[in-house]
Every structure is written in C-alpha cells, then in structure tokens.
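The values are calculated or read from the model by the stated rules, or taken from the named source; none is laboratory data. Here the structure is a predicted model, which is why all the values come from computation and not from measurement. Every residue, glycine as well, gets a Cβ built from its backbone with ideal geometry; the counts of neighbours run over all protein chains shown.
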Amino acid sequence: MAAPDRPEVLVNCAVSMDGRLAFAGGRRARLSGPEDLARVQWLRADVDGILVGVGTVVLDDPSLRVHWEMIDRPVGKGPVRIVVDSNGRTPTRARVLDGSAPTILAVSTACDRTFPPSVQVVRAGAPRVDLGALFAELRRRGLRKLLVEGGGEILASVLRSGAWDRWTVYVAPIAIGGSTAPPMLRGPDGAPASEGLPVRFVSAEPIDDGVVLTYRPAAGASPARPLSGATHPARAETGP
C-alpha cells in the first residue's frame, strides 16, 4: 500500500535479455510485441499520471497518451503527463508541450526557464528535482496512482528511493550488447557498502515471445537513497 504522502507508484519498462532499454547510443528499440503494447496501454488507462525523465523526451519525443484503440475501450480521460526535467531541457517542440493533455514539468528551484501557459510547473529541490517533494505535490493535486516509464536515470532514482509499490519488466527475446546501449538502471554508483536493491519476486507471465516479470519492494528493505520531500517542499505554478 502506498504511503499517505505520495501516490501509489507503478514502475514499468521493457528491456532486452541483457537488460538494455535501447540500441547503441540510445537509438530507440521497439522491444514490446503487440500483447505487451496492449498491456502498457491498460496500465496507462488505469493511472492518474505518467512520469518520465527528460532524457526520454529528448530521445523519443513520446506523446504519453493512452492509445484507446489498442485496448478496445472508448476514449476516456487520459492521465496527466509528468516530466522530471531538473534543468529545463525539454525541447520547445516536444509533444508533451503541445497542450493536448494536462502536463506538469518538474524542475529544480534553480531552473529559471519559462514554459507555455498550458504547462504546469513544479519547482522542487536543487540541483536536481526532489522526488519526495514532487510526489507529495502530485498527491496533493489528487493524483493517487502514478506510472513511471523511464528512462534509466529516472527508473533508478525512483527504485532506489524506495517510493514505489510494483515493478513490471517486459524482457524481450533479443540481446543487444555493446558499450553504449543504455542499461535499465543508470546513474551514480551506490555507496561502497551497498548490496544493491532488494526486491520481492511476484510472478513471471509469458507474453508475446518474452516474459513479464513482476516485483514488489522486499519486506523491511530500506531505501538506498531516501526521499527528502519534508526538507524541500515543492513550489507549484500553473504556468510560467
């Protein structure tokens, strides 16, 4: 069960058999088959917000919308699009800034960039966005269920924080290899004494020609890097 000061957080990603999110240099890899793509749309349709890091926006320019036609459901209210963008790097013509859906840009308090009036801005933490403050602000705005989709840095940050409730990984029947293909989790190394991120295995479900693995936080596991929202409250804006 989610903590009362944040939404329920679902983490989802697709990787190759060797744990890569994309091809060399970050070039997009279509790892999911038709069944897994539909599974992701069901996830999107069931949440209040979809969160990605700015790296995903720069590389893939996602719309972060629900493809209702893929799940044979009438068009409903789509989730809020949320981009964690500490330094304001979201491209001006990115689809998340097109005004077609409610959008929140989470930036650091040191970021002075302005955004279109249709975009809501949350300033939290410095020099990077404080996830604890951001999640508390999202809950305050009524977002009770959040889907985190990537990329590797935001996946690592959320998982290491301990502020998540379920993690699903689609493992595609392909190996990528190489030295520049991005791994599922990336960012700074943990402390020398760190033994990694303990998780609890829940299930393995064959889908397409791959498998969906589901995990939950290990009972009693302590966050590798605790959230600090209580010391860095978010400052919200409705526009620039």
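Of the residues that sit in region 113-164 and are acidic (D, E) and either without any contact (Cβ under 8 Å) to a residue 12 or more places away in the chain or out of contact with any helix residue (DSSP H, G or I) (no Cβ under 8 Å at 6 or more places or on another chain) (or both), which one is surrounded by the most Cβ atoms within 10 Å (Cβ to Cβ)?
Of everything passing the filter in region 113-164, D130 is surrounded by the most Cβ atoms within 10 Å (Cβ to Cβ).
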Could you list, in sequence order, the residues of region 188-208 that are surrounded by 14 or more Cβ atoms within 10 Å (Cβ to Cβ) and at pLDDT below 90?
G190, L197
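Here is a yes/no grid of residues against (1) acidic (D, E); (2) in contact with a helix residue (DSSP H, G or I) (Cβ under 6 Å, 6 or more places away or on another chain):
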{"site": "R6", "(1), (2)": "no, yes"}
{"site": "R28", "(1), (2)": "no, yes"}
{"site": "G49", "(1), (2)": "no, no"}
{"site": "D61", "(1), (2)": "yes, yes"}
{"site": "H67", "(1), (2)": "no, yes"}
{"site": "K77", "(1), (2)": "no, no"}
{"site": "R89", "(1), (2)": "no, yes"}
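If a residue must be of a type in the set (K, R) and either part of a strand (DSSP E or B) or closer than 17 Å to L155 by Cα (or both), how many such residues does region 35-72 contain? Don't jump to the end; show me each part of the working.
Step one: of region 35-72, the residues of a type in the set (K, R) are 39, 44, 65.
Next cut, either part of a strand (DSSP E or B) or closer than 17 Å to L155 by Cα (or both) only: 44.
Going through region 35-72 one residue at a time, the tally reaches 1.
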Region 46-67 residues that are more than 19 Å from G142 (Cα to Cα) and modelled with pLDDT of 95 or more, paired with ones that are acidic (D, E) and assigned to a loop (DSSP other than H, G, I, E, B) (beta carbon under 7 Å, 6 or more apart)
V54/D85
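Give the residues of region 80-112 that are assigned to a loop (DSSP other than H, G, I, E, B) and either on the phi > 0 side of the Ramachandran plot or in contact (Cβ under 8 Å) with a residue 60 or more places away in the chain (or both), sorted by residue number. Don't jump to the end; show me each part of the working.
Taking region 80-112 first, the residues assigned to a loop (DSSP other than H, G, I, E, B) are 85-94, 98-102, 108-112.
Those that are assigned to a loop (DSSP other than H, G, I, E, B) and either on the phi > 0 side of the Ramachandran plot or in contact (Cβ under 8 Å) with a residue 60 or more places away in the chain (or both): G88, G99, T109.
Could you pull out every one of the strands (runs of 3 or more DSSP E) wholly within region 114-177 that has 3 or more residues that are closer than 30 Å to E35 by Cβ?
Details: elements: 119-123, 145-150, 166-171.
Of the strands (runs of 3 or more DSSP E) lying wholly inside region 114-177, those with at least 3 residues that are closer than 30 Å to E35 by Cβ span 145-150, 166-171.
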